[in-house]
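To keep things clear, I will list the structure first and then write my remarks on it.
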Amino acid sequence: MSKFDPIFEVMLKRMLDKTEVPVAIAILKKKKTDREISEETGIELEKVKVILKKLVEMEFATCFIKRTSRGDVRRWKINYETLDRIHDERLKNMGKEAKKRVKEIDELFEEATSELIETEMYPIIELLFKEQLTDEEISEKLMIKLNLVRRVLYILEENDLAEYDKEVDAKGWYFYRWRLRREMAKQYLTEKRKELLDKLLERYAYETSEMLFSCYSGICPVYNFKDALEHNFICPMCGERLEQYDNEERLKELKGRIERLKEQI
Ligand SMILES: [Zn+2]
């Protein structure tokens with residue numbers, strides 16, 4: 001199900017021509033009859049009908065027909081599926097290129113963020129490299145859905161890679177201007193590597209301290225002595241016999257990864 005996003009209004013304004021925009025905006029959130037649209041926009045009824053026909057042909061609008069005792073009532077509404085499709089296709093194209101440029105500008109920051117946010121969202125990072133903006137400004141400038149922009153900002157903030165300044169506008173409303181904390185990328189990566197190192201060290205200790213058993217199927221887990229004994233040395237996943245597991249290769253690989261990580265920290 002497609003849901004409304006405030007960016008849809010901006011998209012329509014940029015994609016449609018001047019005469020079409022008011023009609024499209026009128027049916028953006030609610031189904032309306034051509035008469036209602038005409039009254040609301042001040043555009044004469046015949047013209048409204050022509051524009052609606054065109055919007056339906058371009059798949060920007062859908063016509064709903066309701067049968068009543070007094071005849072059919074036609075109402076129109078913007079087709080969110082089409083806007084979603086255009087939105088997603090644009091992002092896919094923009095994302096890859098933006099990620100490349102972000103990497104060129106700040107390799108550490110790109111590395112720190114690459115597991116946190118999708119490639120499609122990198123235009124947001126690239127834009128924030130240049131200026132401090134509110135979520136709505138980012139959404140409008142890039143034509144990215146507001147809820148997606150907010151999600152990216154919150155993820156970055158949670159990981160100390162972005163922060164905001166709270167400001168007050170002329171009417172006394174608070175707004176938040178976001179900025180990236182590029183200086184934190186190194187620390188973020190070091191912490192992640194430390195976490196991974198701890199896990200690998202734990203794994204290494206486990207594999208060297210225990211006698212392990214495997215069915216050598218390549219997909220079932222490896223069992224310690226206690227678990228293998230409990231199952232009478234028969235793999236509970238596939239029913240094959242469990243044999244002592246030769247983990248020399250795995251230990252070598254683990255050790256290699258541990259050494260490499262230690263060098264990076
Ligand atoms: Zn098995």
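Here are a few things to note about the model shown:
- Relative contact order computed over the chain (Cα-Cα under 8 Å; 6+ residues apart), in percent: 13 percent
- Rounded tilt (10° steps) of 146-158 against the dominant C-alpha axis of the chain: 30 degrees
- Sorting GLU140, GLU248, GLU230 by the number of Cβ atoms found within 10 Å of their own Cβ, with the fewest placed first, yields GLU248, GLU230, GLU140.
- Farthest positive-ward along the chain dipole, Cα basis, beta-carbon charges - from ILE27, TYR245, LEU180: ILE27
- Dipole of region 186-264, positive end: most advanced residue of LEU189, SER217, LEU200 [Cβ charges, Cα centre]: LEU189
- Peptides 44-50, 257-263, 115-121 ranked from most to least packed, by the mean per-residue count of other Cβ atoms within 10 Å: 115-121, 44-50, 257-263.
- Calculated on the Cα set of region 128-203, radius of gyration then Dmax: 16.3, 58 Å.
- From least to most packed, judged by other beta carbons within 10 angstrom and beginning with the fewest, HIS87, HIS231 follow the order HIS231, HIS87.
- Which of LEU146, TYR122, LEU83, positive extreme of dipole for region 83-180 (C-beta unit charges): LEU83
- For region 90-145, size of Cβ-based charge dipole, Lys and Arg +1, Asp and Glu -1, in debye: 340 debye
- Sequence of ILE7, ILE155, ILE51 once ranked by neighbouring C-beta atoms within 10 Å, starting from the fewest: ILE155, ILE7, ILE51
- Column: log10 I(q)/I(0), Debye, Cα scatterers of the chain, q = 0.15 Å⁻¹: -1.07
- Region 83-180: translational diffusion in µm²/s, Stokes-Einstein, Kirkwood Rh over Cα pairs, 4 °C, 1.567 mPa s: 94 µm²/s
- FRET E, pair LYS199, VAL168, Förster distance 41 Å, beta-carbon r, rounded to 0.05: 0.35
- Region 144-245: projected area of the alpha-carbon convex hull, averaged over directions, in nm²: 11.7 nm²
- Take every Cα pair under 8 Å whose residues are at least 6 apart in sequence, average their separation, divide by the length of region 83-180, and the relative contact order is 25 percent.
Bear in mind these aren't lab numbers, they're just calculated from the coordinates by the rules spelled out. As the structure is a computational prediction, the values presented were derived from the model and not from experiment. Note that each Cβ is placed from the backbone with ideal geometry, even for glycine, and that neighbours are counted across all protein chains shown.
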